[in-house]
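What follows is a single structure, written as structure tokens, with notes after it.
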């Protein structure tokens, strides 16, 4: 079942329609969104715990939610 805008905003706070649509398009679960958001908030703790780096849908969510790098902004 696809996530709703209400579920997405419950985890992330207000997001634009484009971001919400990109999140829904990943077919990720709410738990995967929560994990991706947790990685973005404190990746050092997860790395220190020895967790493997995210892959699959979680990695795609992190990519969607990450701010653009300076190089991406300059192009």
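The values are calculated or read from the model by the stated rules, or taken from the named source; none is laboratory data. In this text the structure is predicted, and so the values were computed from the model without any measurement. As a convention, Cβ positions derive from the backbone with ideal geometry for all residues, glycine included, and neighbour counts pool all protein chains shown.
Given the structure, is residue 13 modelled with pLDDT of 95 or more, within 21 Å of residue 2 (Cα to Cα) and loosely packed, with under 10 Cβ neighbours inside 10 Å?
Numbers: modelled with pLDDT of 95 or more: yes; within 21 Å of residue 2 (Cα to Cα): yes; loosely packed, with under 10 Cβ neighbours inside 10 Å: yes.
Spelling it out, residue 13 is indeed modelled with pLDDT of 95 or more, within 21 Å of residue 2 (Cα to Cα) and loosely packed, with under 10 Cβ neighbours inside 10 Å.
Being loosely packed, with under 12 Cβ neighbours inside 10 Å and touching a residue at least 12 places away in the same chain (Cβ under 8 Å): is that true of residue 2 here? Show your work before the answer.
Numbers: loosely packed, with under 12 Cβ neighbours inside 10 Å: yes; touching a residue at least 12 places away in the same chain (Cβ under 8 Å): yes.
Yes: the conditions hold for residue 2.
Note down all Cβ pairs under 7 Å where the first residue falls in the range 12-38 and is without any contact (Cβ under 8 Å) to a residue 40 or more places away in the chain, the second is exposed (fewer than 14 other Cβ atoms within 10 Å of the Cβ) and not in a helix (DSSP H, G or I), and they're at least six residues apart or on different chains.
That search, which allows pairs on different chains as well, returns 24/2.
If we keep just the residues of the range 20-71 that are in a loop (DSSP other than H, G, I, E, B) and surrounded by 14 or more Cβ atoms within 10 Å (Cβ to Cβ), which is modelled with the lowest pLDDT?
Among residues in the range 20-71 that are in a loop (DSSP other than H, G, I, E, B) and surrounded by 14 or more Cβ atoms within 10 Å (Cβ to Cβ), the one modelled with the lowest pLDDT is 54.
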